[in-house]
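This report refers to the structure that appears directly beneath it.
The values are calculated or read from the model by the stated rules, or taken from the named source; none is laboratory data. These numbers come from a predicted model, not from an experiment. With ideal geometry, Cβ positions are generated from the backbone for all residues, glycine too; neighbour counts draw on all protein chains shown.
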Amino acid sequence: MTVFLGVDGGGTKTDFLLMDASGSVLATRRAGSAYYLEIGIEGLKSMLASGIRGMLTSVGLTTAHITYGFLGLPAYGENTALLARLDNIVEETLPNQRYRCANDVVCGWAGALAGCNGIAVVAGTGSIAYGEYGTRSARVGGWGELFSDEGSAFWVAREALTLFSRMSDGRARKGPLYGLMRAHFDVAADLDVCALVYGPPALSRSEVAALSRLVTQAALAGDLSALHIFKRASQELAELVHAAHDVLEIPPGAGVPVSYCGGLLQADGMMLPLFEAALQTTERQYQLTAPRLSPSVGAALYAASLAGAPLGAHAIEQLIRTHQAEGAS
């Protein structure tokens, strides 16, 4: 029996998936954050082991049944000193080096474009773009929330907190976002937001990113300043794609597929049309396409490729049909 493991780790949630060589999904499971900078290396190790074993147990399989696995981890590759520890993160669960780890952006790319040439941008808790074109690959962005992750949920939330402070001070006109922030934090004095954000205990990265939902509510309520945050975010994401396009040395005039994943770029959200418009403000030729598969399926597809047994066209089409049917339900 040939079984591939895909793990799409994220700043908020981690999705596990088992798939066979025919493209049939055998099992799935969801766990919490895989962001080791927040939960620690040991926390990451424990979460991954529990997720893999729990999923296998649910379908009566063991680690011996896994042919190969791919684990996409947030912040992977951003600290050379930790690469060895991350590369061996599930060695006690999945022995004999039957897996590989890399940044979670590869899961998003492999799923969104079904492993084909093109560029995918991830806009979730953080933001990053990844592309492959022929034998070349490029990663752009994803340098962390302190000075990067432009256009991500964390970035949007940080800009919203800045706007709230300006509204409170009188440096910006008070719009719906102001009241939504006050209600969310349930404060009597606006400056009390500082204590609730900075702590102790300080809000986690994921908790800050969750504030981006308030920006959506404010924009829908007619807050033009909140809408402007989303417009700037879409432009930042487009810049990631432009940079990946140039690093990949895609010939002028050659159309390149661009896809996306992450909470901020959902089909029914307000960011996606803004992102599409931002992509059109350049001479580069893009073909924006909806994600063909989920990042967790992409991770399993990538595992199959790494094992030297890539899924055939029929199996991939079956996966895509299943993904589309689930999206329509």
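From the set of residues in region 236-269 that are free of Cβ contacts under 8 Å to residues at least 60 places away in the same chain and part of a helix (DSSP H, G or I), which is nearest to the chain's Cα centre (by Cα)?
Looking at the filtered set, the residue picked out is ALA238.
Any residue in region 284-313 that's more than 24 Å from HIS242 (Cα to Cα) and in the same structural domain as LEU17 (by TED's automatic domain parsing): show its pairings with residues that are assigned to a helix (DSSP H, G or I) and of a type in the set (Ser, Thr, Tyr) at Cβ separation under 9 Å, as long as the two are six or more apart or on different chains.
Listed pairs, sorted by first residue: VAL297/THR322; LEU311/SER305.
Go through region 10-22 residue by residue and tally those that are of a type in the set (Gly, Ala, Ser) and buried (at least 24 other Cβ atoms within 10 Å of the Cβ).
Of the residues in region 10-22, 2 are of a type in the set (Gly, Ala, Ser) and buried (at least 24 other Cβ atoms within 10 Å of the Cβ).
Please verify whether region 58-71 includes one or more residues that are among the aliphatic types (A, V, I, L, M) and in contact with a Gly (Cβ under 9 Å, 6 or more places away or on another chain).
Yes, region 58-71 contains a residue that is among the aliphatic types (A, V, I, L, M) and in contact with a Gly (Cβ under 9 Å, 6 or more places away or on another chain).
Kindly indicate which of ALA309, ALA303 is among the aliphatic types (A, V, I, L, M) and in a loop (DSSP other than H, G, I, E, B).
Answer to the selection: ALA309.
Any residue in region 18-30 that's at positive phi: show its pairings with residues that are in a loop (DSSP other than H, G, I, E, B) at Cβ separation under 6 Å, as long as the two are six or more apart or on different chains.
GLY23/LEU311
Is it true that THR67 is of a type in the set (S, T, N, Q), closer than 19 Å to ALA299 by Cα, over 23 Å from the mean Cα position of the chain (by Cα) and modelled with pLDDT of 95 or more?
Taking the combined requirement at face value, the residue satisfies it.
Filter region 156-180 down to the residues that are within 14 Å of LEU227 (Cα to Cα) and among the acidic types (Asp, Glu) and list them by number.
Selection gives GLU159 alone.
Let me spell it out: the conditions are (1) over 16 Å from the mean Cα position of the chain (by Cα); (2) at pLDDT below 95; (3) buried (at least 18 other Cβ atoms within 10 Å of the Cβ), and PRO295 meets all of them except one. Which number is the exception?
Answer for PRO295: the failing condition is (1).
Considering each residue of region 131-160, count those that are surrounded by fewer than 16 Cβ atoms within 10 Å (Cβ to Cβ) and either in contact with a helix residue (DSSP H, G or I) (Cβ under 7 Å, 6 or more places away or on another chain) or within 22 Å of ALA195 (Cβ to Cβ) (or both), and give that number.
1
Within region 88-102, is there a residue that is surrounded by 15 or more Cβ atoms within 10 Å (Cβ to Cβ), of a type outside the set (Gly, Ala, Ser) and under 16 Å from the mean Cα position of the chain (by Cα)?
Yes, because at least one residue in region 88-102 is surrounded by 15 or more Cβ atoms within 10 Å (Cβ to Cβ), of a type outside the set (Gly, Ala, Ser) and under 16 Å from the mean Cα position of the chain (by Cα).
Evaluate region 196-205: report whether one residue or more is β-branched (Val, Ile, Thr), closer than 27 Å to ILE119 by Cβ and in a helix (DSSP H, G or I).
No: region 196-205 contains no residue that is β-branched (Val, Ile, Thr), closer than 27 Å to ILE119 by Cβ and in a helix (DSSP H, G or I).
Output the residues belonging to region 115-149 that are within 18 Å of GLN266 (Cα to Cα) and of a type in the set (Gly, Ala, Ser).
Answer for region 115-149, where residues must be within 18 Å of GLN266 (Cα to Cα) and of a type in the set (Gly, Ala, Ser): ALA120, ALA123, GLY124, GLY126, SER127, ALA129.
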